[in-house]
Amino acid sequence: MADPDTPWAPHLLPDAAHQAVRPGTALLRLVTTHTREQVLDGAWWPRSHDIGAELPGLIAALTEHLGPVLRVGLDAGAWEELPTRLVIDDRVVHIDSFPVGDDTILITRGDQDYFTLLVVPPHATPEAARAAMGRAVQAGNVTQAEQILIDTGTRRAHPVPTEEPQAGRERGER
């Protein structure tokens, strides 16, 4: 743990972050440039829709590279049971939720320093997730998150209720 009296200084991820990512291992990728001209500042691939289980790891990784995270903005429809705040590493992180459906998460560091990350859906295959995350951090990217997910085959339409239950669902199977 860092000495509390030592001021935190932001730093870039090593250049190795641009190397190929092994399937199932990369959960977070960040842009490694000094300028933030892209539409997205990085990408995150959570393993579930449980924000209480997924957010602490993301915040810990972001804090290491960006400094303390104060707020997180999420799409209310993409997550199960959203709290208004979580305590992560002895810090309170406020959670704002909106029905935006824009496939991103907004991270706030300081008073007005925002980072927008593409959220790759948990159901994505490792290959599709790697492709989507790579596009999100590509230098000069101007493609919106939704389009990246569509182009890489990771965006799934919201399920439409059917008249008849699917086989196996009647017995509570998944």
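The values are calculated or read from the model by the stated rules, or taken from the named source; none is laboratory data. The structure presented is a predicted model; accordingly, all values stated were derived computationally and were not measured. Counting neighbours? That spans all protein chains shown, and the Cβs are built from the backbone with ideal geometry, glycine included. In case anyone asks, the SASA skips ligands and DNA or RNA and just uses the protein heavy atoms, side chains included. Shrake-Rupley method; radii C 1.70, N 1.55, O 1.52, S 1.80 Å.
Things to note:
- Annotation note: Cβ proximity below 7 Å between a residue of the stretch 37-59 that is within 19 Å of Arg85 (Cβ to Cβ) and a residue that is assigned to a loop (DSSP other than H, G, I, E, B) and among the aromatic types (Phe, Trp, Tyr) (sequence gap 6+ or interchain) occurs for His49/Trp79; Ile51/Trp79.
- Candidates Gly67, Gly57 - the one that is over 16 Å from the mean Cα position of the chain (by Cα) and surrounded by 13 or more Cβ atoms within 10 Å (Cβ to Cβ): Gly67
- Top-ranked residue in the stretch 79-98 [being open to solvent by less than 70 Å² (accessible area, probe 1.4 Å) and out of contact with any strand residue (DSSP E or B) (no Cβ under 7 Å at 6 or more places or on another chain); ranked as nearest to Thr116 (Cα to Cα)]: Trp79
- So Ala43, is it at pLDDT below 90 and either surrounded by 15 or more Cβ atoms within 10 Å (Cβ to Cβ) or small (Gly, Ala, Ser) (or both): no
- Qualifying residues in the stretch 123-174 (those that are in contact with a strand residue (DSSP E or B) (Cβ under 8 Å, 6 or more places away or on another chain) and β-branched (Val, Ile, Thr)) - the one modelled with the lowest pLDDT: Val137
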